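The next block holds one structure in the form of structure tokens; read it before the comments.
The values are calculated or read from the model by the stated rules, or taken from the named source; none is laboratory data. These numbers come from a predicted model, not from an experiment. Don't worry about glycine lacking a Cβ; one is built from the backbone with ideal geometry, like all the others, and counts go over all protein chains shown.
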Amino acid sequence: MSAEPLFKRVLLKASGEALMGNQGFGIDVAVADRIASDIAEARAMGVEVGVVVGGGNIFRGVAVASKGGDRVTGDHMGMLATVINALALATSLRKLDIDTVVLSAIAMPEICESFSQRATLYHLSLGRVVIFAGGTGNPFFTTDSAAALRAAEMGAEAIFKGTQVDGIYTADPKKDLNATRFDRLTHSEVLEKGLAVMDVAAVALARENSIPIIVFSIHEKGGFAEILTGGGRATIVTDN
């Protein structure tokens with residue numbers, strides 16, 4: 001394993017569920033602090049980091065639609081959940097003296113700055129961790145799609161998808177003991193096999209922009225930095 005990072009600028013996608021820890025709802029501050037420490041390790045190596053956090057630990061827009069409610073309103077509520085998570089993670093990073101900014105796709109200037117590509121590149125140039133909140137700002141798009149979109153806009157060299165398991169499997173390994181793990185896949189194979197690692201729009205957008213997707217366990221302390229330097233366990237999705 002080399003000490004040099006493989007990438008200079010990356011996008012980390014973490015699910016809202018990851019922030020719950022062993023709780024049934026909300027944010028486990030200890031987990032947010034650990035994820036922040038992993039990001040701090042990457043920054044210490046000189047890697048520029050953007051982050052997209054989901055909102056499923058607080059609210060899921062599709063839950064409203066499934067019970068006959070308005071999907072657009074539900075998705076807006078889900079976007080607000082991602083803002084709460086972004087603020088929590090930013091707080092954990094600032095406790096470690098990591099300069100951090102939250103950029104929201106929905107304007108809420110009293111709470112955080114508004115997203116623009118220009119603002120993103122400016123903050124990255126100053127060495128700040130940039131946390132993207134509010135999804136894409138549009139209903140009907142997941143935070144996976146937001147991650148792929150922001151990765152393309154910030155010029156990320158890879159998307160790191162932190163999940164509950166250490167890569168992409170043929171099925172959920174927690175439910176299917178016969179599930180087998182992939183070490184390497186192409187974007188097209190992920191789409192053709194219907195592997196549920198990111199939604200179709202996100203994978204397609206990453207493929208179009210030639211951005212590798214690296215899937216790893218968000219629960220392994222130090223795992224992010226280890227994989228950044230070529231170690232650890234992960235599935236790499238790339239067409240190269």
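Tabulated results
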quantity: Members of region 125-155 found to be assigned to a helix (DSSP H, G or I) and in contact with a helix residue (DSSP H, G or I) (Cβ under 9 Å, 6 or more places away or on another chain), listed by number; calculated: THR143, ASP144, SER145, ALA146, ALA147, ALA148, LEU149, ARG150, ALA151, ALA152, GLU153, MET154
quantity: Among the candidates ILE218, ILE227, ILE213, residue that is closer than 21 Å to GLU41 by Cβ and without any contact (Cβ under 8 Å) to a residue 60 or more places away in the chain; calculated: ILE213
quantity: Some residue of region 59-72 being modelled with pLDDT of 95 or more, more than 24 Å from ALA152 (Cβ to Cβ), surrounded by fewer than 20 Cβ atoms within 10 Å (Cβ to Cβ) and not aliphatic (A, V, I, L, M); calculated: no
quantity: Number of positions in region 135-188 that are hydrophobic (A, V, I, L, M, F, W, C) and without any contact (Cβ under 8 Å) to a residue 12 or more places away in the chain; calculated: 3
quantity: Selected residue (criterion: farthest from the chain's Cα centre (by Cα)) from residues of region 164-178 that are in a loop (DSSP other than H, G, I, E, B) and among the β-branched types (Val, Ile, Thr); calculated: THR170
quantity: Residue pairs meeting the criteria (Cβ under 7 Å; at least 6 apart or on separate chains; first closer than 17 Å to THR163 by Cα, in region 55-67; second of a type in the set (D, E, K, R)); calculated: GLY56/GLU17; ASN57/GLU17
quantity: In region 143-163, residue farthest from ALA206 (Cα to Cα) [restricted to those that are under 11 Å from the mean Cα position of the chain (by Cα) and not hydrophobic (A, V, I, L, M, F, W, C)]; calculated: THR163
quantity: Subset of region 105-139 that is touching an Asp or Glu at 6+ places or on another chain (Cβ under 7 Å) and not hydrophobic (A, V, I, L, M, F, W, C) - its residue that is nearest to VAL62 (Cα to Cα); calculated: PRO139
quantity: Selected residue (criterion: modelled with the lowest pLDDT) from residues of region 137-189 that are β-branched (Val, Ile, Thr) and under 25 Å from MET77 (Cβ atoms); calculated: THR163
quantity: Per-region count, region 179-210, residues in a loop (DSSP other than H, G, I, E, B) and either of a type in the set (Val, Ile, Thr) or under 15 Å from ASP239 (Cα atoms) (or both); calculated: 6
quantity: Number of positions in region 88-114 that are of a type in the set (A, V, I, L, M), over 16 Å from ALA146 (Cβ atoms) and in contact (Cβ under 8 Å) with a residue 40 or more places away in the chain; calculated: 5
quantity: For PRO212: the one exception among (1) in contact with a strand residue (DSSP E or B) (Cβ under 8 Å, 6 or more places away or on another chain); (2) closer than 26 Å to GLY21 by Cα; calculated: (2)
quantity: Qualifying helices (runs of 4 or more DSSP H) (wholly inside region 1-119; at least 1 residues being under 15 Å from the mean Cα position of the chain (by Cα) and closer than 19 Å to ASN138 by Cβ); calculated: 71-95
